[in-house]
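Visitor: The structure follows.
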Amino acid sequence: MTGDVTAPVGARQLEQLWRDCAPTVLAALTRRYGDFDTAEDALQEALLAAAQQWPAEGLPADPTAWLITVASRRLVDQWRSDHARAEREQLVTSRTPPAEFLAPAADSTIAADTVDSANAVDDSVALLLLCCHPALPRPAQVALTLRAIGGLSTAQIARAFLVPEPTMAQRISRAKAKLRQAGARFSAPPAHELPDRVAAVAQVLYLIFTEGHTSTAGASLYDVSLTDEAIRLTRQLHRHLPDAGEVSGLLALMLLTDARRAARISADGALVPLAEQDRALWDQARIREGVGLIEAALPAGPVGPYQLQAAISAVHAEAARAEDTDWAQIEALYRMLERLAPSPILTLNHAVAVAMLDGPAAGLRMLEPLLNDPRLRRFHRLYAVRAHLLELAGHGEQAQASYATAARLATSIPEQRYLNAAAARAPITR
C-alpha cells in the first residue's frame, strides 16, 4: 500500500484532503456494508491511520481509494473478531438487495459505485439525503451533515454551535442510532419523495449558512468555516441537481449574501449595516456567479422562496450606491415571497422595503401586529428595525428605547455594540 506514494504531506494539506475525501469514503462504506454508524467508525480509524502514515511515508496516489481500503479492512477485522459475526452477516445479507451482491469491491473505482443514475443522485447527494432523513430532528440533521459530509470534527461542530463537546457527541451518537432504528438506508429515495428530501437538505444547508453568516452568540459576527462549508456542500448539491431551481436559488442566495462579507464588519469589528457599507469591498466574482445563477433559474420555473430571496439580494448587489437601490422591485419581490411562504420574519423584512418606498410611517404600520406576535417576543431584530424606522420618522426618544431593547435581546456581541451605539446617537426630541 505504500508503493504508490508521491510526496510528504503537511497538516493543512491533510485536513483539506480529509474534508474532500471523507464524504466519498463514508458513502462507499455505507453503500457496501449497510451500516452508517459502523462505517463512520471505520472511517475515523482510517483517518487516524492516515494521520500517522502519510506525513512520514508520503501521500498515496489515490488517497480516497487508500482510505476505503484501510477502512474496509478495519470493518472486516472487527467483524471477524466479533462473536456474533454469523448473526451480523446474516443481518447484512437480509438487508442487501440481490443486485448489490454484484457490486464492485469498496476500494474499486468510485465511479462504478454510483447511486441510481436515473434520479441523477450520486453518492455524496445520497449521503446528504441520509443525514437529513426525516426521522431526525433538525439539530441532529445539521450536526450529522457537518460531521459526515463537511468532515468537521465533533469539537469543531460543538464550538460552532456553542455547546460542550460531549453534548454534541451525544447528539451525533443519538442521530446515528435513530437512523439505525428507523431502518434508514443509503439509497436514493423514491422519485415521489425526492423533492421533499432535497428541500430538507436545502433547509439544513441554509441553516448552517445563516448560523455562520450571523452567529447567534459570541464575540464574532461570522463563522467563516460554516459559511464556506455550506456553500461548498450546496455547490455539490447543485452540481448533481442542476435543474432544481430552488437549489440554484439557494446557492445564488448564499453567494450574493457572502459577497458582502468584507464590507459588513468595520476594522474594529463593529457591524456595518447594508446602507453604510463600502460597496467597493463587495466580492464581484461571487456577485456575478450569484446573479448568473438566479437569472438562469427564474425563467425556468417554478419560482420558489430561495429564488425570490436571491433575486432580492441581486437587486441590492446591482445598486452602485445605497440610494440607487430599486426598492419598488424589492417590495414587489417581497409581496411574491409572502404569498409563497408567509412568516413574521418576512413581514418584518417586507416592512423595511415598504418604508424605503413609501416612508417610515408605512413601514411602522406593518410592524404593529408583529409587536404582539409571541414568536417575535424576544427577536431583537424586530426592535432594531422598529428603532431605525422611528428614527427616520423623527421619533428620537422612542427610537432610543427600541434600540436599547434590541441591544438587550441580542446575543451577538458585535450586534449589541452596534445597537447600543445607535441608541446613544439617536436624536432626542426636545
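The values are calculated or read from the model by the stated rules, or taken from the named source; none is laboratory data. Bear in mind the structure is a predicted one, so any value in this text is a computation, not a measurement. As a convention, Cβ positions derive from the backbone with ideal geometry for all residues, glycine included, and neighbour counts pool all protein chains shown. Side chains are part of the model used for accessible areas, which takes the heavy atoms of the whole protein and leaves out ligands, DNA and RNA. Shrake-Rupley method; radii C 1.70, N 1.55, O 1.52, S 1.80 Å.
Visitor: Under the definition of Cα pairs under 8 Å and six or more residues apart, what whole-number percent is the relative contact order of the stretch 195-245?
Guide: Relative contact order comes out at 30 percent.
Visitor: How many nm is it between the label spots at Arg365 and Arg335, if each spot is 7 Å from the Cα in line with the beta carbon?
Guide: 1.5 nm
Visitor: Compare the Cα positions of Ala188, Trp18, Ile330 along the charge dipole of the chain (+1 at Cβ of Lys, Arg; -1 at Cβ of Asp, Glu; about the Cα centre) and return the one farthest towards the positive end.
Guide: It is Ile330.
Visitor: Another question, if that's okay. For the stretch 244-354, what is the charge dipole size about the Cα centre, in debye to the nearest 20, if Lys and Arg each add +1 at the Cβ and Asp and Glu each add -1 at the Cβ?
Guide: My answer is approximately 160 debye.
Visitor: Pull out the extension gain between Asp324 and Asn420, defined as 0.36 nm times the separation in residues minus the alpha carbon to alpha carbon distance; nm, one decimal.
Guide: 31.7 nm is the gain from fully extending Asp324 to Asn420.
Visitor: Can you quote the Å³ per residue value for the convex hull of the Cα atoms in the stretch 183-264, rounded to an integer?
Guide: Roughly 109 Å³ of hull volume per residue.
Visitor: When Lys and Arg each count +1 and Asp and Glu each count -1, what net charge do the other residues less than 13 Å away from Ala275, Cβ to Cβ, add up to?
Guide: Here the charged neighbours net out to -1.
Visitor: So how much slack lies between Gln52 and Asp228, counting 0.36 nm per residue of separation and subtracting their Cα-Cα distance, in nm? Mind showing how you got there, number by number?
Guide: On the way: separation 176, 0.36 × 176 = 63.36 nm, distance 2.77 nm.
That pair, Gln52 and Asp228, stretches by 60.6 nm at full extension.
Visitor: Over all alpha-carbon pairs in the stretch 296-430, figure out the percentage whose distance exceeds 18 Å.
Guide: 60 percent
Visitor: His192 accessible area, nearest 10 Å², 1.4 Å probe?
Guide: Counting only protein heavy atoms, His192 exposes about 140 Å² to solvent.
Visitor: Calculate the length of the line joining the C-alpha centroid of the stretch 240-292 to that of the stretch 186-238, in whole Å.
Guide: Cα centroid to Cα centroid, the span is 16 Å.
Visitor: Would you please classify the overall shape of the stretch 227-317 from the alpha carbon gyration tensor, given that a ≥ b ≥ c denote the square roots of the eigenvalues, rounded means a/c under 1.5, and beyond that prolate means a/b larger than b/c while oblate covers the rest? All intermediate terms of the calculation are to be shown ahead of the outcome.
Guide: Values: a/c = 2.61, a/b = 1.83, b/c = 1.43.
Here the stretch 227-317 falls in the prolate category.
Visitor: When the chain is fully extended, how far beyond the present Cα-Cα distance does Arg174 get from Leu392, taking 0.36 nm per residue of separation?
Guide: Gain in length upon complete extension: 73.5 nm.
Visitor: Based on the Cβ-Cβ distance of Glu295 and Thr167, what FRET efficiency does E = 1/(1 + (r/R0)^6) give at R0 = 51 Å, to the nearest 0.05?
Guide: My answer for the efficiency is 0.75.
Visitor: A further question follows. Give a residue-ordered list of calculated ³J(HN,Hα) values for the stretch 24-37 (Karplus: 6.51 cos²θ - 1.76 cosθ + 1.60, θ = phi - 60°; whole Hz; x for Gly, Pro).
Guide: Taking θ as phi minus 60°, the curve returns 5, 5, 4, 5, 5, 5, 5, 5, 6, 10, x, 10, 4, 4 Hz for the stretch 24-37.
Visitor: Please tell me the relative contact order of the chain in percent, rounded to the nearest whole number, where contacts are Cα pairs under 8 Å and at least six residues apart.
Guide: Averaging sequence separation for qualifying contacts and normalising by length gives 10 percent for the chain.
Visitor: Taking the alpha-carbon set of the stretch 39-80, what are its Rg and Dmax in Å?
Guide: Considering the stretch 39-80 through its Cα atoms, Rg and Dmax are 10.2, 30 Å.
Visitor: Something else: Along the positive direction of the dipole of the stretch 334-380 (beta-carbon charges: Lys, Arg +1; Asp, Glu -1; about the Cα centre), which of Met366, Ser343, Met356 reaches farthest?
Guide: My answer, from the dipole projection, is Ser343.
Visitor: Note down the magnitude of the dipole of the stretch 280-430 about its Cα centre, charges +1 on Lys and Arg C-beta and -1 on Asp and Glu C-beta and zero elsewhere, to the nearest 20 debye.
Guide: Computed charge dipole of the stretch 280-430: roughly 640 debye.
Visitor: Still on this structure: Using only the alpha carbons of the stretch 265-374, determine the length spanned along each of the three principal axes and report them from longest to shortest in whole angstroms.
Guide: Projected onto its principal axes, the Cα set of the stretch 265-374 covers 43, 42, 26 Å.
Visitor: Now a separate question. In the chain, with Lys and Arg counted as +1 and Asp and Glu as -1 at Cβ, which of these residues, Leu409, Gln309, Ala252, has the Cα nearest the positive end of the dipole, that is, farthest along it?
Guide: The Cα lying farthest towards the positive end belongs to Leu409.
Visitor: Per 10 Å bin from zero, what fraction in whole % of the C-alpha pairs of the stretch 168-223 is there, up to the bin with the longest pair?
Guide: 19, 31, 35, 14, 1
Visitor: A further question on this structure: Using θ = phi - 60° and the Karplus relation 6.51 cos²θ - 1.76 cosθ + 1.60, list the HN-Hα couplings for the stretch 132-144 in order, rounded to whole Hz, with x at every Gly or Pro.
Guide: Running phi through 6.51 cos²θ - 1.76 cosθ + 1.60 with θ = phi - 60° gives 9, 4, x, 6, 9, x, 4, x, 5, 4, 4, 4, 5 Hz.
Visitor: Mind checking the dipole of the chain: about its Cα centre, +1 per Lys or Arg Cβ, -1 per Asp or Glu Cβ, Debye to the nearest 20?
Guide: That gives the chain a dipole magnitude of about 1160 debye.
Visitor: Also: May I ask you to work out the translational diffusion coefficient for the chain at 4 °C, viscosity 1.567 mPa s, via Stokes-Einstein with Rh from the Kirkwood sum over Cα pairs, reported in whole µm²/s?
Guide: Approximately 54 µm²/s, per Stokes-Einstein.
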